[in-house]
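Report on one structure; see the data block that follows.
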Amino acid sequence: MSVTERIVDGFKATLGARLVTNLANGVLMLLLARELLTPDEYGLLFFVIAVIGVAGMFTDLGIGRSAARYISESKETDSGKIPYLLRASLGFRLVLIGIVSTTLVVGHEQLAALLETPEAATLLLVGGVYLVFQSLNSYTQTVFQGFNQVELSAVVSVVNNVTRVGFVVAFTVLGLGVVGAMMGYLVGAVLAAGVGIVLLYRRFYVTYDDDGGEKTLRNRMLRYSIPLTASTSASILDNRIDTILVGFFLNPVAVSYYVLSKQISEFVLVPAGSLGFSVSPTYGEQKANDALEEAARIYESTLQYVLLLYIPAAVGLILVADPAIRLVFGADYAGAVPVLQLMAIYVIFQAITNVTTNGLDYLGRASDRAIAKGVTSAANAVLNVLLIPRFGVAGAAFATVVTYGIYTAVNVFVMYREIAFDYGGVGRSIALIALISAGMGVAVLILVPYVSNLIALAGVIALGVGIWGCLITFSGLVDPRETLALLT
């Protein structure tokens, strides 16, 4: 199987799984927002999940990604070291999980008081247990990526997200309210963690000859986890601290506006995340085989496809944000409209980052990424503190867009320094894609004022997609037959 075929197979598996999981999460988001919880309860739930997410970074400290990097190299050169890498990395992970989760369970009331949200105490108690299993899910999915078996990561993700929907709905319908919703998250994580650990043991741990391990290998893995800790922790803070600060400075209703906008943007980012997750281990393999020119061609193609999809998507999201929020989630969430419009710009940056940053980890440039992430995350936190009290949730969104844009630019620059891709060709593609997006946007802009129901909204979106498809075909950027052949 060629490198391209392997990437495409991994992409299709990951995309399929992420579409299923995001569809499940979309249904859950819609049910929670419209039917099961009030905006205040919705905001409180995701405020607590953001806090748990920040706590979760201390259960990893870069161990998972570092293990994946060395597993990716070892399976090409010395596969007998893989069982040792799995034992060492999982052992460290379990120790960290025990420390962090116990602290959260024991100190849940004190933490709720510190956050000036006493009503979150019970949710934090349940969340401390949830963190144990969610961290194990994250570990197994990352390690499967190191084996270049992203299909297995997809299985764990589907089990987690699909079962979560059923249990969240069941517990809330039974009258347990927002605590029931948190318990649903816990049950989904428990089931997925069981599946992930069984797959890891049966498919990998017992199938490789165990040559034992050396402390030097363990120490190299731990040393490489240090820059990964910085970048991963900064990334988690970037994704979570804004939500926490919105809750701290404003209220749970404001959190609901902000979280809803971020969830919509994350749904839109499914293809980019799937492609980045699938292609990243290939860069490490190409470097190990001294084939950096091939790595450069892969990155150029990946980046062009991502921009071809996400620049027009951002334009469309800005134009239809108002009717989409009001018609799908209700007028109670109208405050999310300006936030979503700002987050549309973030979508472009995040899409580029999704196909760049993990690749840098596999190329051994984690320290560069860590420095960039640390600086921009600190800047994001400072901007949030300055802007949220004055501009509300829109201030948090603006801070995210500005700092993430800088982070994206640095990552692309570091990737260029490593594999020297054709930035001129990429720039010409961006210019042409911008023209295509403008043509599509004019048509959508004319029709948006006439959107009064969900059918009309769907029609406008379908028209925009159709115009986009025609324009990219005529532009010559994509050969539809070649793309279809690859995907099928």
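The values are calculated or read from the model by the stated rules, or taken from the named source; none is laboratory data. All values derive from a computational prediction rather than experimental measurement. As a convention, Cβ positions derive from the backbone with ideal geometry for all residues, glycine included, and neighbour counts pool all protein chains shown. These area figures cover heavy atoms from the full protein model, side chains too; ligands, DNA and RNA do not enter into them. Shrake-Rupley method; radii C 1.70, N 1.55, O 1.52, S 1.80 Å.
Laid out as a table, the results:
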{"read-out": "Complete set of residues in region 151-191 that are open to solvent by 40 Å² or more (accessible area, probe 1.4 Å) and under 17 Å from Ala120 (Cβ atoms)", "value": "Leu176, Val179, Met183"}
{"read-out": "Exclusive hit being at positive phi and open to solvent by 20 Å² or more (accessible area, probe 1.4 Å), set Gly392, Gly364", "value": "Gly364"}
{"read-out": "Selection status of Ala344, touching a Gly at 6+ places or on another chain (Cβ under 9 Å) and open to solvent by less than 20 Å² (accessible area, probe 1.4 Å)", "value": "yes"}
{"read-out": "Search result, residues across region 367-381 that are open to solvent by less than 20 Å² (accessible area, probe 1.4 Å) and either farther than 19 Å from Ala399 by Cα or without any contact (Cβ under 8 Å) to a residue 40 or more places away in the chain (or both)", "value": "Arg369, Ala370"}
{"read-out": "Residue within region 260-279 that is modelled with pLDDT of 70 or more, open to solvent by less than 40 Å² (accessible area, probe 1.4 Å) and not in a helix (DSSP H, G or I) present", "value": "yes"}
{"read-out": "Test: residue in region 123-131 that is outside any helix (DSSP H, G or I) and surrounded by fewer than 24 Cβ atoms within 10 Å (Cβ to Cβ)", "value": "no"}
{"read-out": "Test: residue in region 74-85 that is outside any helix (DSSP H, G or I) and of a type in the set (D, E, K, R)", "value": "yes"}
{"read-out": "Selected residue (only one of Thr142, Thr163, Thr172 is hydroxyl-bearing (Ser, Thr, Tyr), in contact with a helix residue (DSSP H, G or I) (Cβ under 7 Å, 6 or more places away or on another chain) and more than 27 Å from Gly64 (Cα to Cα))", "value": "Thr172"}
{"read-out": "Residues that are exposed (fewer than 15 other Cβ atoms within 10 Å of the Cβ) and either free of Cβ contacts under 8 Å to residues at least 24 places away in the same chain or in a loop (DSSP other than H, G, I, E, B) (or both), drawn from region 436-463", "value": "Val442, Ile446, Pro449, Tyr450, Ser452, Asn453, Ile455, Ala458, Gly459, Ala462, Leu463"}
{"read-out": "Of residues in region 76-103 being within 13 Å of Asp211 (Cα to Cα) and among the basic types (Lys, Arg), the one surrounded by the fewest Cβ atoms within 10 Å (Cβ to Cβ)", "value": "Arg87"}
{"read-out": "Only listed residue being of a type in the set (Val, Ile, Thr), under 28 Å from Leu152 (Cβ atoms) and either in a loop (DSSP other than H, G, I, E, B) or more than 22 Å from the chain's Cα centre (by Cα) (or both), chosen from Val190, Val198, Val178, Val173", "value": "Val198"}
{"read-out": "Residue satisfying all of: in region 133-150; open to solvent by 10 Å² or more (accessible area, probe 1.4 Å) and without any contact (Cβ under 8 Å) to a residue 60 or more places away in the chain; nearest to Thr103 (Cα to Cα) among these", "value": "Gln141"}
{"read-out": "Residue check, Ser72 surrounded by 22 or more Cβ atoms within 10 Å (Cβ to Cβ), within 26 Å of Gly127 (Cα to Cα), in contact with a helix residue (DSSP H, G or I) (Cβ under 8 Å, 6 or more places away or on another chain) and among the hydroxyl-bearing types (Ser, Thr, Tyr)", "value": "no"}
